[in-house]
Every structure is written in structure tokens, then in C-alpha cells.
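Novice: Structure incoming, see below.
Throughout, read-outs are computed from the coordinates displayed, never taken from laboratory work. Quick caveat, the model's predicted, so the values are computed rather than measured. Here the Cβ is made from the backbone with ideal geometry for all residues, glycine too, and neighbour counts use every protein chain on show.
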């Protein structure tokens, strides 16, 4: 009977450890995406201009919007989470390329964070991408 208790305790501890690791990974994902949103918003503010007429402003706005939709879908565990995720990765990649011609620290940060989002989402949905 002592062995069963020890086995149950080990299983419970392992389960708690896995939940903690999942929580840490989820928190990291949310943090990176939120930082990407903040960098895009800051770059849009730094550049000025009109969202309606400036293609880069439009791109930054789209990136912010889809990142927020993806975060919301994750929280709700929406059936569209994968679609939003893949679209978010695509738009972040486009935003990263669009920012290459701008020479500023904020633009560089935006590129790095967009790239991190793309990598993070591609890793998360690797099985979907391979099918």
C-alpha cells in the first residue's frame, strides 16, 4: 500500500509539473505576442502618417489586429484558433519584411518580435503545417 501512495504522489507531482510547464509556455507566448503588438503600435506612432493612405501603417494596423484576435481565440479556446494563428504568422512575416527598409531601433525591435511570433506560432502548429 505504501508503494501505491508513493506512485500516486509521483504521478500527481509529475502532473503538477506538466501543468506548470504548460502555463509557463502559454505565458511566454502571450508575452511575446503582446510585445509584438506594442512594438508595432510604437512604430506606427513613430512613423506618423495616415492609416488609410500609408501602406506600412496599414500593415502595422493589420498586424496588431490579427495578433489581438489570435490572443483572444487562444483565451476562448476558439475553434478558429489555428486559423487565426496561421494568419497571424503570415501577417507578422509580412510586417517583418515591410519594416526592413526603416532604419530605427523601434523598427528593428518590431522585426525581431514579429519574427519571434512567426517562429512561436509555426512551432505551436507544426503538425497542422505539415499536413
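Novice: Could you put 71, 25 in order, starting from the residue whose Cβ has the fewest other Cβ atoms within 10 Å?
Specialist: The order, fewest Cβ neighbours first, is 25, 71.
Novice: Turning to a different aspect of this structure: Taking the Cβ-Cβ separation of residue 65 and residue 115 as r and a Förster radius of 22 Å, what is the calculated FRET efficiency to the nearest 0.05?
Specialist: 0.70
Novice: What length, rounded to one decimal in nm, is gained on full extension from residue 47 through to residue 108, with 0.36 nm per residue of separation minus their alpha-carbon distance?
Specialist: The residue 47-residue 108 span can extend by a further 20.6 nm.
Novice: Could you list 125, 27 in order of exposure, starting from the residue whose Cβ has the fewest other Cβ atoms within 10 Å?
Specialist: In increasing order of surrounding Cβ atoms, one gets 27, 125.
Novice: At 0.36 nm per residue, and after removing the present C-alpha to C-alpha distance, how many nm does the segment from residue 80 to residue 97 gain when stretched out fully?
Specialist: 3.5 nm
Novice: When 46, 62, 77 are ordered from fewest to most other Cβ atoms inside 10 Å of their Cβ, what list results?
Specialist: Least to most surrounded, the residues fall as 77, 46, 62.
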